[in-house]
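So the structure is just underneath, and the comments pick up after that.
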Amino acid sequence: MKLSQSFVKTIKTTPGDEVSESAKLLLRAGYIYKEMAGVYDYLPLGMRTLENIIQVIREEMNALGGQELRMTSLQPRDNWEASGRWSDDVMDVWFKTKLNAGGEVGLGATHEEPLTHLMKTYISSYKDLPVYAYQFQTKFRNELRAKSGIMRTREFMMKDLYSFSKDREEHEKFYEKCAESYKKIFNRLGIGNDTFRTFASGGAFSKYSDEFQTLCEVGEDIIYLDREKGIAVNEEVYNDEVLADLGLDKSKLEQCKAAEVGNIFTLGYRFSDALDLTYNDADGKRQKVFMGSYGIGPSRVMGVIAEKLSDEHGLVWPEEIAPYKYYLIGIGEQGERVANELHDKAPEDVILDDRKNARNGEKFADADLMGIPYRVVVSDKTLAENKVELKNRVTGETKLLTLAEFQNKLA
């Protein structure tokens, strides 16, 4: 990426209705563009960052045996009427529209119903189970009050995985594997130390569901955290009975604000009952499929990371998800020439700030604002020693590398 060829520019001001620091920074740094309240475009840097987050999640879902697919956003009403969730009185976040040819469709807010219906074609025997199907897909929810930038929006990216098991025992084994997988994901994304498995209401399906909550001052949830055990309880189920059930000591719990970045639910027979998803067991008897649901919002996670890891200078991305690894600046005639050559050796890893109308101080400030892990300066002065200057965005440490050493890093 050469900034002289990019249509995106950093900006100094943000919309007055943005309250979260993450939204302001992402807008200023040119990662997102605001269309309206709760609706954002992902610009080239934002799209690369989001795709890197998705790839981390994808790798861990595949390691669990997940099979990726992509379902439609447009949803026919029949499946949802079968489950009782088409009515706005039951699910009040629907976006719906009428077809010119007649009939009404909805924009999917979640996908339990359509995937259960789809699986009726492919699951008929115990030999077909278990199945773990997942997708990354845009969801639509008519939030009453969209806020906190991309942390709560009306249109957003979601990873939703659904498990189809022969029985509760098989389901619970996978459920715990998925919980461990989520810990790996949040560790890789740089927020693992502040993200905790949080017990919440299981509704009609199970005693508890599990949320994964990241400590965050702009978060919308209150949790009670036992740091020693590494688990928390959501305020909605916080009472003496639950604490006793989980073996938690009230005196050791901290009240914290947090943002939900993932969740896992036991669905049981809720949707297989409604949509008649069954299989033949080893004795030839018809049995209902036991289900679970497992969600992570990559776009929300991106907002939480931006909120948590930023500093007074701008964004600070972990290397694994940063849009580029190096922010390269050439100073002086030779410096600019060598910087161009280095960029062309590894264009997928390097942003080259080759803007002619920007001062060096502006380039340094934009490197910090964008949160690129390493700033590299190639100047006539450093080249006189056959070296480049490399600065770590997180630690602020600056050191000189030989040109060959930096070329090896690019390789």
Restricting attention to segment 357-385, the residues that are among the basic types (Lys, Arg) and surrounded by fewer than 14 Cβ atoms within 10 Å (Cβ to Cβ) number exactly 1
Would you check which residues across segment 1-26 are closer than 28 Å to ASP344 by Cα and not hydroxyl-bearing (Ser, Thr, Tyr) and list them?
-> MET1, LYS2, LEU3, GLN5, PHE7, VAL8, LYS9, ILE11, LEU26
Evaluate the following for LEU246: is it modelled with pLDDT under 95 and among the aliphatic types (A, V, I, L, M)?
-> yes
Within segment 256-266, work out how many residues are closer than 17 Å to TYR132 by Cβ and surrounded by fewer than 22 Cβ atoms within 10 Å (Cβ to Cβ).
-> 1
Of all residues in segment 300-343, how many are farther than 26 Å from TYR42 by Cβ and either crowded, with 17+ Cβ neighbours inside 10 Å or of a type in the set (D, E, K, R) (or both)?
-> 10
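Please find, among PHE212, PHE205, the residue that is of a type in the set (A, V, I, L, M, F, W, C) and farther than 28 Å from GLU59 by Cβ.
PHE205
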Evaluate the following for LEU50: is it surrounded by 14 or more Cβ atoms within 10 Å (Cβ to Cβ) and farther than 22 Å from GLY108 by Cα?
-> no
Residues in segment 37-47 that are at pLDDT below 95 and more than 16 Å from THR138 (Cβ to Cβ): how many?
-> 1
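Condition check ((1) under 29 Å from LEU144 (Cβ atoms); (2) of a type in the set (A, V, I, L, M, F, W, C)) across all residues:
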site	(1), (2)
SER6	no, no
THR14	yes, no
ASP17	yes, no
LEU26	yes, yes
GLU59	no, no
Any residue in segment 136-143 that is polar (S, T, N, Q) and surrounded by 21 or more Cβ atoms within 10 Å (Cβ to Cβ)?
-> no
Scanning segment 103-153 for residues that are within 20 Å of the chain's Cα centre (by Cα) and of a type in the set (Ser, Thr, Tyr) gives THR110, TYR132, TYR134, THR138, SER148, THR153
The one condition in (1) buried (at least 19 other Cβ atoms within 10 Å of the Cβ); (2) outside any strand (DSSP E or B); (3) not small (Gly, Ala, Ser) that GLU169 fails to fulfil = (1)
Would you pick out the residues in segment 344-368 that are basic (Lys, Arg) and without any contact (Cβ under 8 Å) to a residue 24 or more places away in the chain?
-> ARG359
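Could you check segment 276-299 and list, in sequence order, the residues that are closer than 20 Å to LEU43 by Cβ and either touching a Leu at 6+ places or on another chain (Cβ under 9 Å) or outside the structural domain of TYR132 (by TED's automatic domain parsing) (or both)? Outline the logic, then answer.
From segment 276-299, those closer than 20 Å to LEU43 by Cβ are 297-299; that's our starting set.
PRO298, SER299 - these are the residues of segment 276-299 that are closer than 20 Å to LEU43 by Cβ and either touching a Leu at 6+ places or on another chain (Cβ under 9 Å) or outside the structural domain of TYR132 (by TED's automatic domain parsing) (or both).
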Restrict the check to segment 57-78 and report whether at least one residue is under 30 Å from GLU320 (Cα atoms), in contact with a helix residue (DSSP H, G or I) (Cβ under 7 Å, 6 or more places away or on another chain), crowded, with 20+ Cβ neighbours inside 10 Å and of a type in the set (A, V, I, L, M).
-> yes
Only one of these conditions is not met by LYS285: (1) surrounded by fewer than 22 Cβ atoms within 10 Å (Cβ to Cβ); (2) under 30 Å from LYS381 (Cβ atoms). Which number is it?
-> (2)
From the option list PHE164, PHE156, PHE140, single residue qualifying as hydrophobic (A, V, I, L, M, F, W, C) and within 12 Å of GLY297 (Cα to Cα) is PHE156
Where in segment 59-111 are the strands (runs of 3 or more DSSP E), entirely inside, with at least 3 residues that are free of Cβ contacts under 8 Å to residues at least 24 places away in the same chain?
-> 95-98
For segment 279-322, how many residues meet the condition of being in contact (Cβ under 8 Å) with a residue 40 or more places away in the chain, of a type outside the set (Asp, Glu) and not in a loop (DSSP other than H, G, I, E, B)?
-> 22
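The values are calculated or read from the model by the stated rules, or taken from the named source; none is laboratory data. Note that the structure is a prediction, hence the values are computed from the model and not measured. Note that each Cβ is placed from the backbone with ideal geometry, even for glycine, and that neighbours are counted across all protein chains shown.
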